[in-house]
Amino acid sequence: MTHWGMAIDVDRCTGCEACVVACHAENNIAPAGPEEAADGRVRHWLRIEREYVGEFPDARVLFRPVLCQHCEEAPCEPVCPTYATYHNEEGLNAMVYGRCVGTRYCANNCPYTVRVFNWFEPEWPQPLERQHNPDVTVRQSGVMEKCTFCVQRIQQGKRAARAEDRELRDGEIQPACAQSCPTRAIVFGDLDDPHSEVSQAFESGRAEVLLEDLGTRPSVVYLRGEEPR
Amino acid sequence: MPTLSRSAQPKPRPPRLPEPLAALVLSCAVGAACASVACRPAVAVVEQPIGFDHAVHEAEGVRCVRCHLGAETQDSAGLMRVERCAACHRRVIPDHPDVAKVLQHWQDEEPILWRRVAWIDEGSGVQFSHQAHHLAGVECTTCHGDVASMATAQPPATHRLDDMDWCVDCHRDNEASIDCLTCHF
């Protein structure tokens, strides 16, 4: 069995936001525009949070990409009245657009505030509409959306392996954020494979999870603790 | 004290949603009254700008994937460019009236605007992959019907391609995944 997970090295992240841009392009996420953004209605599936460490003059800033944590005990799942969001066998917190009726209970129950709602019909300023990814559904107004761990790439990777009659290789499947990261701060892979890079990151002793006391058991960990160079 | 721990309980699988009552009543009534294909809502006969005879090509040993190049290797089966039609037909019966039209398109470098026969509605959010189904051993005819015996390809007469019940029944029968994320993302 497979359990997808991600490790993000906070010490490596420079806050460049290449992952944010890549995520928008890969997943057909509509830009919000200035008015909606001012109302807090940006649709990022992945955002960069800042964290200030130390006291002046020895202060520094840590950047922390925050995306859907694909929690094992996801608070968003039991509150959905239509089972539009559920946990699948590969550890993914699934979001089925066709079932979503837009109650927004899930987003209100998410402690990481990573779910975004389409308040209006998504629009792309020309010519951005022409770069839609054909492998991802273009959502409509009234549905919730969030990070999928680029499930389209997971499915493609599995098909490619099957076509060549072999097992999936570690690191073969990369979400858009991990692929675009210039410092390779994001590692994605199978947590059930003890030899995978992401499993070893989980066991490295540097791993911490967000809001651990809530008991959500995220599939995303943040690595930190290296001394600043 | 009853335990409130949710983690002790098995994860519920997403249950199938109950069908809307209206659809249920309708399908029962229609199913009982006439189960024959003729009673299904009429599908408009698809006509193409140039007569292309699937049956003739099949009889000559031209397999589906010879023209629908991606049917075994890509998500989309697609249809080849007019250059590839011409690659054969500038030698093979170039004087046939329909072939002459094809060759004219080739010389004018004008693509032929074939009409689409089979598709899944975009609003369904289904990401269908031909490759996945080929790898699972599904034949073209399972979904598309016996196109090889038709002159002009028509939608399958027995089912709709965007009928999720029909998809899921086949997935269940063949122990393929029925996780939502297999198709909807």
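Taking the options B:Val126, B:Val56, B:Val92, B:Val102, name whichever one is more than 14 Å from every other protein chain (Cβ to nearest Cβ), open to solvent by less than 50 Å² (accessible area, probe 1.4 Å) and modelled with pLDDT of 90 or more.
Values: B:Val126 fails: more than 14 Å from every other protein chain (Cβ to nearest Cβ); B:Val56 fails: open to solvent by less than 50 Å² (accessible area, probe 1.4 Å); B:Val92 fails: open to solvent by less than 50 Å² (accessible area, probe 1.4 Å).
Criteria check complete, one pass: B:Val102.
Does B:Cys180 qualify as being touching a strand residue (DSSP E or B) at 6+ places or on another chain (Cβ under 8 Å) and either open to solvent by 40 Å² or more (accessible area, probe 1.4 Å) or on the phi < 0 side of the Ramachandran plot (or both)?
yes
Pick out, from region A:9-87, the strands (runs of 3 or more DSSP E) lying fully within it that include 2 or more residues that are in contact (Cβ under 8 Å) with a residue 24 or more places away in the chain and of a type outside the set (A, V, I, L, M). Let's see the steps before the verdict.
Details: elements: A:46-53, A:60-67, A:85-87.
Fully inside region A:9-87 and qualifying: A:46-53, A:60-67.
Go through region A:160-177 and report how many residues are in contact with a Leu (Cβ under 7 Å, 6 or more places away or on another chain) and either crowded, with 18+ Cβ neighbours inside 10 Å or within 9 Å of chain B (Cβ to nearest Cβ) (or both).
Residues in region A:160-177 being in contact with a Leu (Cβ under 7 Å, 6 or more places away or on another chain) and either crowded, with 18+ Cβ neighbours inside 10 Å or within 9 Å of chain B (Cβ to nearest Cβ) (or both): 3 in total.
Can you tell me which residue in region A:85-106 is most open to solvent (accessible area, probe 1.4 Å), limited to those that are within 11 Å of chain B (Cβ to nearest Cβ) and charged (D, E, K, R)?
Restricting to residues being within 11 Å of chain B (Cβ to nearest Cβ) and charged (D, E, K, R), the top hit is A:Glu89.
Away from every other protein chain (no Cβ under 14 Å), crowded, with 19+ Cβ neighbours inside 10 Å and at pLDDT 95 or above - does that describe any residue in region A:76-84? Step through it out loud before you land on a result.
Initial filter on region A:76-84 (away from every other protein chain (no Cβ under 14 Å)): none.
Scanning region A:76-84 turns up no residue that is away from every other protein chain (no Cβ under 14 Å), crowded, with 19+ Cβ neighbours inside 10 Å and at pLDDT 95 or above.
Taking A:Glu129, is it in a loop (DSSP other than H, G, I, E, B), out of contact with any helix residue (DSSP H, G or I) (no Cβ under 7 Å at 6 or more places or on another chain) and either surrounded by fewer than 17 Cβ atoms within 10 Å (Cβ to Cβ) or not basic (Lys, Arg) (or both)?
It is false that A:Glu129 is in a loop (DSSP other than H, G, I, E, B), out of contact with any helix residue (DSSP H, G or I) (no Cβ under 7 Å at 6 or more places or on another chain) and either surrounded by fewer than 17 Cβ atoms within 10 Å (Cβ to Cβ) or not basic (Lys, Arg) (or both).
If you take the residues of region A:132-159 that are open to solvent by 60 Å² or more (accessible area, probe 1.4 Å) and among the polar types (S, T, N, Q), which of them is farthest from A:Leu92 (Cα to Cα)?
Of everything passing the filter in region A:132-159, A:Gln140 is farthest from A:Leu92 (Cα to Cα).
Which one is modelled with the lowest pLDDT, of the residues in region B:70-82 that are away from chain A (no Cβ under 14 Å) and open to solvent by less than 80 Å² (accessible area, probe 1.4 Å)?
Checked region B:70-82; the qualifying residue modelled with the lowest pLDDT is B:Met80.
Residues of region B:144-163 being free of Cβ contacts under 8 Å to residues at least 40 places away in the same chain and in contact with a His (Cβ under 8 Å, 6 or more places away or on another chain), which ones?
Once the filter is applied, which keeps residues that are free of Cβ contacts under 8 Å to residues at least 40 places away in the same chain and in contact with a His (Cβ under 8 Å, 6 or more places away or on another chain), region B:144-163 yields only B:Pro156.
Quick check on my filter: what residues within region B:169-185 are closer than 11 Å to A:Val151 by Cβ and either away from every other protein chain (no Cβ under 12 Å) or among the acidic types (Asp, Glu) (or both)?
Of everything in region B:169-185, just one residue is closer than 11 Å to A:Val151 by Cβ and either away from every other protein chain (no Cβ under 12 Å) or among the acidic types (Asp, Glu) (or both), namely B:Asp179.
Mind listing just one residue for me: the one in region A:129-147 that is out of contact with any strand residue (DSSP E or B) (no Cβ under 8 Å at 6 or more places or on another chain) and within 13 Å of A:Asn27 (Cα to Cα) and, of those, farthest from the other protein chains (Cβ to nearest Cβ)?
My answer is A:Gln131.
Check off (1) over 30 Å from A:Gly91 (Cβ atoms); (2) surrounded by 15 or more Cβ atoms within 10 Å (Cβ to Cβ); (3) under 12 Å from the mean Cα position of the chain (by Cα) for B:Ala148 and give me the number that stays unchecked.
The number of the failed condition is (3).
Looking at this structure, is A:Val61 surrounded by fewer than 16 Cβ atoms within 10 Å (Cβ to Cβ) and of a type in the set (A, V, I, L, M)?
Here the answer is yes, as A:Val61 does meet what is asked.
Counting only residues that are at pLDDT below 95 and of a type in the set (Asp, Glu), which one in region A:18-48 is surrounded by the most Cβ atoms within 10 Å (Cβ to Cβ)?
Among residues in region A:18-48 that are at pLDDT below 95 and of a type in the set (Asp, Glu), the one surrounded by the most Cβ atoms within 10 Å (Cβ to Cβ) is A:Glu36.
The values are calculated or read from the model by the stated rules, or taken from the named source; none is laboratory data. Model, not experiment: these values are computed from the prediction. No Cβ is skipped: glycine too gets one built from the backbone with ideal geometry, and neighbour counts run over all protein chains shown. All accessible areas refer to the heavy atoms of the entire protein, side chains included, with ligands and DNA or RNA removed. Shrake-Rupley method; radii C 1.70, N 1.55, O 1.52, S 1.80 Å.
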